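Report on the following structure.
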Amino acid sequence: MAMTPQARFDLHSYNTFGLMATADWGMAFNSLEQLQAIIQDQRWANMPRLVLGGGSNVLFTADYAGLVLLNRLQGIAIEECDTGWCLQVAAGESWPGLVEETLRRQIPGLENLALIPGTVGAAPVQNIGAYGVELCQYCCHVDALELASGTVVRIPAAECGFGYRESHFKHQWRHSHIIIGVGLFLPKAWQPQIGYGPLRELGDNPSAVQIYQTVCRVRREKLPQPEEFGNAGSFFKNPTVTPDIAARLARHYPSMPQFPQSDGRVKLAAGWLIDQAGLKGYTVGRASVHQQQALVLINLGGASAQDVIQLATTVRERVLTQFAIELEPEVRFIGRTGDTSLREISR
Ligand SMILES: Cc1cc2nc3c(=O)[nH]c(=O)nc-3n(C[C@H](O)[C@H](O)[C@H](O)COP(=O)(O)OP(=O)(O)OC[C@H]3O[C@@H](n4cnc5c(N)ncnc54)[C@H](O)[C@@H]3O)c2cc1C
């Protein structure tokens, strides 16, 4: 991979949706120095810039008129102390690779987050989560290149604005910070997190490896693999509603799954809503709602961004009409010059 940007950079292999798109310019960086050099280079200073890890949470709605930077920073350092393990992980490391590596070293904690595609550096952006566990439970800090000063800052987890699929990196810091490393602390006082359906069947005291194996098996059974059908995982977030709305919905739909949250709100399953709206298998062009997992929109092969946008718009409208609930995409929409939204492009 060239260390200077390539013109007309093909993004097809850098988005798991498998959409055809190009960027005006693109390159990978393997060191902080390379990243700093490209950021400071006046030739690229005034164009839109997008950092990508594995491209597993993005939807390119158009060719990108800017510079794409592929994060390939590598390195995992692990230090053991009396109470646990401190991990300092470079942002370009594979997230599923990190989970596997910790378990290989008999360090429990990350097993519920097995097989989430992408890089360690993107994990804080949407505070990845699965099977009752979120990154923020183990993240102690994020190291980022602050673009205004050109220096690396260490941001304590408490200041990252972590929430359900949320962080400041998605919002106020999205143009000002590039994540270069993540610090995690995995305590020795480990407790299995087995509140989620299939994990309950493991009994009272499963090992971290048993949980890992179960999560991997369930994910492989349940989720389409991007190599088979391009996708970006859950397309929409699970919506939360007030207890009043939840009670009203429960009266109309007694089988509706509802998950009370610590703040009093109630989380609903977006996949269930889409399924109940009769949309499993619903297809627009070459994009489709997955037959087994309605929360995942897939590329049947050769889908255009327009197919996916139209499909997502229909899903959102049908769920809104039937349940009066507006689904919010989890996937990041990237337009010609940067982030855009389903609402903006389907206007
Ligand atoms: C099959 C499948 C299953 C999935 N399951 C889950 C799941 O269970 N839970 C879950 O939470 N997610 C899930 N996802 C979504 C995805 O895996 C995560 O969002 C992951 O963290 C994305 O990593 P990435 O490196 O591919 O990020 P990318 O898609 O490359 O980037 C995502 C966003 O983060 C920004 N970004 C990336 N790297 C950096 C950086 N170093 N600094 C600043 N910004 C950056 C990008 O600009 C972009 O806006 C799934 C996706 C797929 C395809």
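The values are calculated or read from the model by the stated rules, or taken from the named source; none is laboratory data. Nothing here was measured: the structure is a model prediction, and the numbers come from that model. Cβ atoms come from the backbone with ideal geometry, glycine included; neighbour counts cover every protein chain shown. Just so you know, the surface numbers come from the protein's heavy atoms only, side chains and all, with ligands and any DNA or RNA stripped out. Shrake-Rupley method; radii C 1.70, N 1.55, O 1.52, S 1.80 Å.
Taking all protein chains together and rolling a 1.4 Å probe, H175 ends up with roughly 120 Å² accessible. Computed over the chain, the per-residue total of -39500 (n - 2.57) for DSSP H runs of n ≥ 4 gives a 222 nm mean residue ellipticity of -6500 deg cm²/dmol, rounded to 500. Evaluated over the chain, the count of Lys pairs having alpha-carbon atoms less than 28 Å apart is 9 (only pairs 8 or more residues apart or interchain).
Rg and Dmax, both from the Cα atoms of the stretch 1-57 and both in Å, are 11.8, 33. Solvent-accessible area of the chain (1.4 angstrom probe, protein heavy atoms only): carbon and sulfur portion equals 49 percent.
So how far, in whole Å, is the C-alpha centre of the stretch 244-282 from the one of the stretch 174-219? Going from one Cα centre to the other spans 25 Å. For the residues M256, M20, M47, M3, a 1.4 Å probe over the protein chains yields an accessible-area ranking, largest first, of M20, M3, M47, M256. Distance from the alpha carbon centroid of the stretch 34-55 to that of the stretch 91-153 works out to 22 angstrom.
Taking the dipole about the Cα centre of the stretch 1-118, with the C-beta of Lys and Arg at +1 and of Asp and Glu at -1, give me whichever of N112, Q42, G75 is farthest to the positive side. Toward the positive end, the furthest listed residue is Q42. A158 to E326: extension gain in nm, 0.36 nm per residue of separation minus the Cα-Cα distance? Contour length minus the Cα-Cα distance gives 57.5 nm.
Solvent exposure of the stretch 76-221, expressed per residue, is 45 Å² of accessible area, with all protein chains present and a 1.4 angstrom probe.
A straight chain from D244 to T313 at 0.36 nm per residue would run longer than the Cα-Cα distance by 22.1 nm. Here the chain was treated as a single set of alpha-carbon atoms; its pair distances binned every 10 Å from 0 give 5, 24, 33, 26, 11, 1, 0 percent. Once the chain from D41 to Q191 is taken as fully extended at 0.36 nm per residue, the excess over their C-alpha distance is 49.2 nm. Close amide H partners of I128, meaning residues 5 or more places away or on another chain with modelled amide H under 5 Å apart, are L135. Look at where the Cα atoms of the stretch 303-347 and of the stretch 1-28 average out, and the two centres are 24 Å apart.
Summed over the residues of the stretch 234-330 and divided among them, the accessible surface reaches 46 Å² per residue at a probe radius of 1.4 Å.
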